[in-house]
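The values are calculated or read from the model by the stated rules, or taken from the named source; none is laboratory data. Note that the coordinates shown come from a computational prediction; the quantities given were computed from them, not determined experimentally. FYI the Cβ positions are ideal-geometry reconstructions off the backbone, even for glycines, and counts take in every protein chain you see.
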């Protein structure tokens, strides 16, 4: 099917061109205006309730988001961040804002993210200026949209290094991404590798994801396809849907592994079950054509009907029409 092949080629471009500015690009999506420089405003919301409980929720959510000493689970991460945010925790609000911006379908959440930013950003910026470490880390995430500016690059680099040295595994991963992409200056793949390895050492599954992307980049001096696939297997086993999509592509094309369409279909299924809409569409396409298994039109329809992202709707409608035609013939 032409649609599936086009999707596979897009997956290849996103997975194999490892450090292509992903972190920067994700952070630019729907960002609010730069916070006021005086940073003296207060949150328009009421006072925070249960700060200690909220801190535990943030810790739990970060572990679920990045797979720190547990399998990844972005739904659980979102739920914990949201619960703390609803308790008046503005730090959790910015984490939630960032997570919603990097999940599939972020365009459909713009109004919600704008409200979260209005609720939380001034307070978190004020706390960052008071040198509260977690707030400084969060402001480095918000400053990613201004990474083309020298002062923003310096701020982001300094804050991520400090947070990583303090044991923040997510900061180690993000710093590695930016170093490999050359977003903080000249690309430094060896330094990126060190940050990803530090992330792994902190028990973070995203470190394996970062290493897979780094070793899978043909333009990197560290290019090593077998190692890329091995790191992807580790990350996928712990719930990283990006690596599941990458492995599906490798098995479909026979790149670095023996071609196995059944494995492709299985990895797409695993990623789709974790909410990856692109993989749900590719899985449906394989089910329609009987690639990697039996034709399953009813199953394909079920997966397509679970996709609720506006940008994908034309492709979903096209495949649903194909199912209708085949079931009617």
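The set of residues from the range 203-229 being in contact with a helix residue (DSSP H, G or I) (Cβ under 8 Å, 6 or more places away or on another chain) and surrounded by fewer than 19 Cβ atoms within 10 Å (Cβ to Cβ) comprises 203, 218, 221, 222, 223, 224, 225, 227. Residues in the range 73-100 that are under 17 Å from residue 171 (Cβ atoms), touching a residue at least 40 places away in the same chain (Cβ under 8 Å) and within 17 Å of the chain's Cα centre (by Cα): 94, 95, 98. In the condition set (1) assigned to a helix (DSSP H, G or I); (2) crowded, with 20+ Cβ neighbours inside 10 Å, residue 72 is compliant with all but (1). Within the range 185-199, the set of residues being in a helix (DSSP H, G or I) and closer than 18 Å to residue 223 by Cα comprises 189, 190, 191, 192, 193, 194, 195, 196, 197. Could you tell me which numbered condition residue 190 fails, if it satisfies all but one of (1) over 21 Å from residue 85 (Cα atoms); (2) in the same structural domain as residue 81 (by TED's automatic domain parsing)? Condition (2) is where residue 190 drops out. Where helices (runs of 4 or more DSSP H) sit wholly within the range 85-184, those with at least 3 residues that are more than 30 Å from residue 49 (Cα to Cα) and not assigned by TED's automatic domain parsing to the domain that holds residue 51 occupy 169-181. Here residue 125 meets the list (1) free of Cβ contacts under 8 Å to residues at least 60 places away in the same chain; (2) more than 22 Å from residue 199 (Cα to Cα) almost entirely, failing just condition (1).
Does residue 52 meet the test of being part of a loop (DSSP other than H, G, I, E, B) and without any contact (Cβ under 8 Å) to a residue 12 or more places away in the chain? No.
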